[in-house]
Every structure is written in C-alpha cells, then in structure tokens.
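The values are calculated or read from the model by the stated rules, or taken from the named source; none is laboratory data. The structure presented is a predicted model; accordingly, all values stated were derived computationally and were not measured. Ideal geometry is used to build each Cβ from the backbone, glycine not excepted, and the neighbour counts take in all protein chains shown. When the accessible area is computed, the model is the full protein with side chains, heavy atoms only, and any ligands, DNA or RNA have been set aside. Shrake-Rupley method; radii C 1.70, N 1.55, O 1.52, S 1.80 Å.
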Amino acid sequence: MMTTTGSLEASEAASAAVAKTDKRVTLASMVEKIAAEAYINDAIEPTLTICLMKLQNGFVLVGKSAPADPANFNQELGEKFAREDCIRQLWPLEGYLLREQLSQRVDVGV
C-alpha cells in the first residue's frame, strides 16, 4: 500500500494545530479504512492514472491524475496523485459521518 506524503499531511497538520477537541476526521483514520487499491493506465490514454480504492465497508472511490503535458508523465507520481484524489473525496464523506454521529449524541442527550 502506498503511503501519502505532501499536501494531505500538510492539511492534516494544519487541522490538528487548530483542533479544540479530538472529534475530528484524521488522515490516519481514513487510511485505516482502505481495504484495497488498484491502479489503471490504459492504452487509450497511457498518461492518465486511475486509482480504484475499496474501503472496508465496500464503498469504492475513483481517483485520477494526468499531467497537462504527456512528456511529464511519471508512473509513481501519477499513482500518488490519483490515490490522494481518492482520499480527498473521502474526507467530506467522513466529515459528514462524524457530524451525523455527533448530532445523534446531542439528540439523545449524551
């Protein structure tokens, strides 16, 4: 499984720096939910990288990346950026889930 480095970690660090509670979505909590991932580079457009990411609950995310200039294509970076695209899609979904859980606690007086 590929690790992430760069902008996702920077966003995570910035969020953690201003957090006032531990009730937040973290990069680590999202990465833990990844069950499998696969990468596709098709002959139709070989510089387009697609990441298929399956989460433990069966939900599937599709991330993509492609350089503006095909001469700049790098397989490793394409996979990194496509994977990060998946995680960026997951972040608001996890945020919604956390907010829903927090609102249910308030509703029942917890």
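A few notes on this one:
- Using the 1.4 Å probe convention, the accessible area of the chain works out to 65 Å² per residue with neighbouring protein chains retained.
- Positive dipole terminus of the chain, leading residue within I87, G58, V106 (C-beta point charges): V106
- Charge-dipole axis of the chain as Lys and Arg at +1 and Asp and Glu at -1 on Cβ define it, positive-most pick from A36, A14, N74: A14
- The slack between K20 and L52, meaning 0.36 nm per residue of separation minus the straight C-alpha distance, is 8.1 nm.
- In this structure, S7 and L97 have a Cβ-Cβ separation that, at R0 = 25 Å, corresponds to a calculated FRET efficiency of about 0.65.
- C-alpha long axis of helix 75-107 to longest principal axis of the chain, angle in °: 20
- Site-free segments of the chain were taken between chymotrypsin sites (Phe, Trp or Tyr not before Pro) in DSSP loops having at most 16 other Cβ atoms within 10 Å, sites themselves excluded; the longest one is 1-58.
- Cα-centre dipole for the chain with unit charges at Cβ (Lys and Arg positive, Asp and Glu negative), debye to 20: 460
- The alpha-carbon positions of the chain define a convex hull whose volume is 117 Å³ per residue.
- Rounded to 10°, Cα long-axis angle of helix 7-18 versus longest principal axis of the chain: 20
- Computed over the chain: relative contact order in percent, which uses C-alpha pairs under 8 Å that are six or more apart: 23
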